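Read through the structure below, which is laid out as structure tokens, and then see the notes.
Quick note: the coordinates plus some simple rules give every number you see, no bench work behind them. Being a predicted model, the structure only gives us computed values, none of them experimental. Heads up, the Cβs are rebuilt from the backbone with ideal geometry, glycines too, and the neighbour counts pull from every protein chain shown.
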Amino acid sequence: MGREFLLPDLGEGLTEAEIVAWLVQPGDVIAVDQPVVEVESAKSTVELPSPYGGRVEKLHAEPGQTVHAGGVLITVAESAAAAPADPPDVVPGTALRSGPGDAASGAVLVGYGTKEPTLRLARPAGGRFGGRQRTVADRRSPVVSPLVRRRALDNGIDASQLRGSGPGSLVMRQDVEEAIAATGAGSPAEGEGDTRIPITGMRKVIATRLAHSRATIPEATIWLDVDATELFAAKERLQKSTGERFSLTALIARFAVVGLGRYPILNSSMDDEAGEIVQHAAVGLGLAAQTPRGLMVPVIHDAEKLTTSQLRDAVAGLVARAETGEFSPSDLAGGTFTVNNYGAFGVDGSTPIINHPEVAMLGIGRMIDRPWVVDGQLTVRKVVTLSFVFDHRVCDGDVASGFLTYVARCIEEPLLLVAG
């Protein structure tokens, strides 16, 4: 009798994951706790171990397909020696599923692992459990995914009124799309050659977070052109005296951390539900990074405790890992303030979106030669544009301007940091 391995609860409110790659194929013999599939959630990419051993009968999803929590991943056939007797309440023609807490596995993930097994009736072979013909009382079908609900609402449809095709009449994305197609709603006219690109995985979480930030934060942006000539000189002197290289980003990050000590309200987050500002004692310094998986903000924890050399090494480590985008969930959590070096893209200024629930972000533009007046004389200097976006609920312009001008002064006269 086949046993179905369901997508477990991945924690942190995540209700779905995208299949990245299968690590096994039908016919393979697998062991308990052997990784069988790589999935990408909104938080990270992980390999899931099977709670069963046996022969793989079927893979229930293709790479790129989204599976909801509780959805079937694979069916594993037991060997004759290991197969338990059929329980009396199992309907012939159905398969045995593992629910949360199956005892067959020693692996511990949220949603299954080392507890007593739970048996459930699965779909009969060749048909849906209940099928489209089943009528839900008062037509109130369950809708788990907020994305499915939002897709329906955006097109004037109440998802709970649809007949769901998922387990227990759960309304799936496909059900909503079919309803939209049936009503002709939702889609603008498409021309020949147009392509639809699904928003999935990391792109989906980026879109959700940025939209939420823009919708909830009354942000304001200020900017300042800064003479960075002395910073370049200080960087060269540091290299000669220590034999070590220091990046300009690391040095400016150092100035920002010290600046947060002077203006600690900027090292805060907003608790929207409580209507409170949470001012943090520790600095979780986020560095906005463009990775193959999309925009990510890995965090240097307790940045205020690091020396300049330690901070430099931490920045270099994050930059190196950004080339692959392989960050753990803990690397992406705990940020309290973000530095964004968009000068790497060849632009001078930006009005970036705050990394909610943080309340501020420092932006660094490109550093180029520009005409500059020094002691009444026109000369050529290294100039950078700094921008600073802040949540106006947390502070007013005097605090934001004070922070930005402090960082600017440190760039213009790096010895100020030593004097302070």
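Between Gln279 and Arg245, with labels modelled 7 Å along Cα→Cβ, what's the label distance in nm to one decimal, could you check?
Between Gln279 and Arg245, the simple spin-label model gives 4.0 nm.
Once you wrap a convex hull around the alpha carbon atoms of the range 303-420, what is its projected area averaged over all directions, in nm²?
So the mean shadow area of the Cα hull is 9.6 nm².
Tell me which aspartates and glutamates have Cα within less than 19 Å of Lys235's Cα, excluding those fewer than 8 residues away on the same chain?
Asp227, Glu244, Asp313, Asp369, Glu412, Glu413
Let me test this: with uniform point scatterers at the alpha carbons of the range 164-265, what is the Debye-based log₁₀ I(q)/I(0) at q = 0.17 1/Å?
So the normalised log intensities work out to -1.07.
Using the Cα atoms of the range 232-330, I'd like the radius of gyration and the largest Cα-Cα distance, Dmax, both in angstrom.
15.5, 52
Sort 370-382, 220-232 for me by packing, meaning the mean count of neighbouring Cβ atoms within 10 Å per residue, highest on top.
Answer by packing, highest mean first, reads 220-232, 370-382.
Please state, to two decimals, what the Cα-based radius of gyration of the range 289-334 comes to when divided by 2.2 N^0.38 Å (N = residues).
That works out to 1.14 for the range 289-334.
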